[in-house]
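One structure below.
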Amino acid sequence: MGSPSVAPREWAVVVVGGLTLAFSAWGLAGVQLWSLHTLLAGGLLTCLLSIVPLPAKWNGSDGEHANGKNFKRLLRFPFFWFSLAFLIYILIQGLNPSWAQVYGDKGWWVEKIDAIGWLPAGVKASYDPMNAFRVLASFGATFTLVWGLWVGVRRRSSAIALLWTLVISGVGMAIVAIIQKFTGADAVLWTVGSSNPNFWGTFFYRNEAVAYLNIIIFACAVLYFYHFNQAERRGQSGGPHLLLFMFVVLLFVSIGLALSRGGILFGGVMTACFFLAAAARWLFSNSVRNSILLTLLMGGVLIGAGSLMFQYVDLDDIEKRFGNIEKTIQDADKDARALSTQATWDMAQADVWLGWGAGSFRYIFPKYQKNYPEIFYQRHHPRRGWIGRKFYHYAHNDVVQFLAEYGIVGCSFLLLAFGYWIWCLLFRASGNVMSALMLMVGLAMALGHAFVDFVYQSPMCWLALNGLLCVSVKLLSLHHERIKGRA
């Protein structure tokens, strides 16, 4: 007798949550308010569908979704409490401003205002372009989505469907980006104008686009080894993992064409780790070892991918983008990004425990930026000296910017939240060690990329990363529970 069918409640969570994950590839990086609010609506609806009381028929017959059961699950979910504490922290910063943006004839500046000194504080500014409440909407979209997916998904098939939804949408975006490049598109999706000429796919900033595509590579790697293990248990030589292998190749080609240094570096490391892990797994696979044709096919894919890279990816442009590596290392302390990181570090040290407030960077940073003329002014004139002004919206270093805005107290909530995923990967991934390893490597690459750019200031990248971690850990945990049940 087969297992009970998936409850309608769970299907609703998968559909709404899946559409929200898919939208992260097509929502124009979350830059425009409508796209950010669409994410927020998707996250909130996913969460509500997972926990609100519904008629009995919505809860199915498997006993997994009885009214109140998922809400109790949510209360036992450590990530929920850590992320909720972080959202409350941002809310307090928004409601307790200690600085205010003021406009005058010569532009804008910030002035000190009264605030409750012992509470986290922030900057009083407009929702558009940025303030604490806009940041709250971004983090709220991500965390409510994660809450809903974690408690609302009780079947491995549901988790797999969500991961495939994320992968297919991301691969689709990578293909569109390639087509845009070869057709000479001068606008995002051929219709939306961009002030940044280096857009890629649906992202106005190519570094954020390739960070997103790297996340999709992580997702492909997790699914690849999961499906590979399933095929091995069934004695099959083929399966969905072969398609995922080719997806990884296509994604890295798209990253290479984007000419993003960080994307090529961290995506290259992730892709190399995946290929090495896949090769090692093949060596210990009876089904693959016994299939000469399949082995030759995989070799052909790699050779073809290498040929494609050399044929279509401009290696000279990549070399120019990276420049002289030795000289870059020698002059690292003079690099604009290094100087902006140093200035942001100075900003963080001024209020290291509680931070300056969510969304405060662009308003407070000029106070510390002016100590570094190379990044404060546009250029140095031979006779007139330093002239013009540079404006930074982000620090080109998410890690240090997070510390500057949220302080040690706020960042500790995020560290605890991510620490929970790592704990699950270490202790609840029985039977899928390679998938867990790929996720750990991916998380390390995401952290490394965040240290050299502002990729996770994009709501889409942040949501995709957290959504991937949640669904992947859920899949591996459900598989772990199944193995324990057999024991």
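The values are calculated or read from the model by the stated rules, or taken from the named source; none is laboratory data. Source: prediction; values computed, not measured. Quick reminder, even Gly has a Cβ in these numbers, built from the backbone with ideal geometry, and neighbours come from all protein chains shown. The protein model used for the area step is the full one, side chains on, heavy atoms only, and it has no ligands, DNA or RNA in it. Shrake-Rupley method; radii C 1.70, N 1.55, O 1.52, S 1.80 Å.
Quick check: anything in the stretch 309-329 open to solvent by less than 40 Å² (accessible area, probe 1.4 Å), modelled with pLDDT under 85 and over 24 Å from Ala446 (Cα atoms)?
Looking for residues that are open to solvent by less than 40 Å² (accessible area, probe 1.4 Å), modelled with pLDDT under 85 and over 24 Å from Ala446 (Cα atoms), one finds none in the stretch 309-329, hence no.
Which one of these is assigned to a loop (DSSP other than H, G, I, E, B) and hydrophobic (A, V, I, L, M, F, W, C): Ala404, Ala417, Ala444, Ala395?
Ala395 is the lone residue from the list that is assigned to a loop (DSSP other than H, G, I, E, B) and hydrophobic (A, V, I, L, M, F, W, C).
Name every residue in the stretch 240-267 that is closer than 17 Å to Met438 by Cβ and open to solvent by 10 Å² or more (accessible area, probe 1.4 Å), in order of residue number.
Of everything in the stretch 240-267, those that are closer than 17 Å to Met438 by Cβ and open to solvent by 10 Å² or more (accessible area, probe 1.4 Å) turn out to be Pro240, Leu242, Leu243, Met246, Phe247, Val249, Phe252, Phe266.
Just for helices (runs of 4 or more DSSP H) wholly inside the stretch 1-107: which have at least 1 residues that are more than 30 Å from Met173 (Cα to Cα), basic (Lys, Arg) and touching a residue at least 60 places away in the same chain (Cβ under 8 Å)?
By residue number, 69-75.
Restricting the stretch 336-354 to residues that are among the aliphatic types (A, V, I, L, M) and open to solvent by 30 Å² or more (accessible area, probe 1.4 Å), which is nearest to Lys370 (Cα to Cα)?
Among residues in the stretch 336-354 that are among the aliphatic types (A, V, I, L, M) and open to solvent by 30 Å² or more (accessible area, probe 1.4 Å), the one nearest to Lys370 (Cα to Cα) is Ala336.
Kindly list, by first and then second residue, each pair from a residue in the stretch 355-384 that is over 12 Å from Trp99 (Cβ atoms) to a residue that is among the acidic types (Asp, Glu) and open to solvent by 10 Å² or more (accessible area, probe 1.4 Å), limited to pairs with Cβ atoms under 8 Å and residues at least 6 apart or on different chains.
Final answer for the pair search is Tyr368/Asp346; Asn371/Asp346.
Report yes if Ala436 is outside any helix (DSSP H, G or I) and open to solvent by less than 20 Å² (accessible area, probe 1.4 Å), otherwise no.
Numbers: outside any helix (DSSP H, G or I): no; open to solvent by less than 20 Å² (accessible area, probe 1.4 Å): yes.
The answer is no for Ala436.
So which residues in the stretch 73-114 are modelled with pLDDT of 95 or more and small (Gly, Ala, Ser), if there are any at all?
If the condition is that a residue be modelled with pLDDT of 95 or more and small (Gly, Ala, Ser), then Ser83, Ala85, Gly94, Ser98, Ala100 are the ones that fit.
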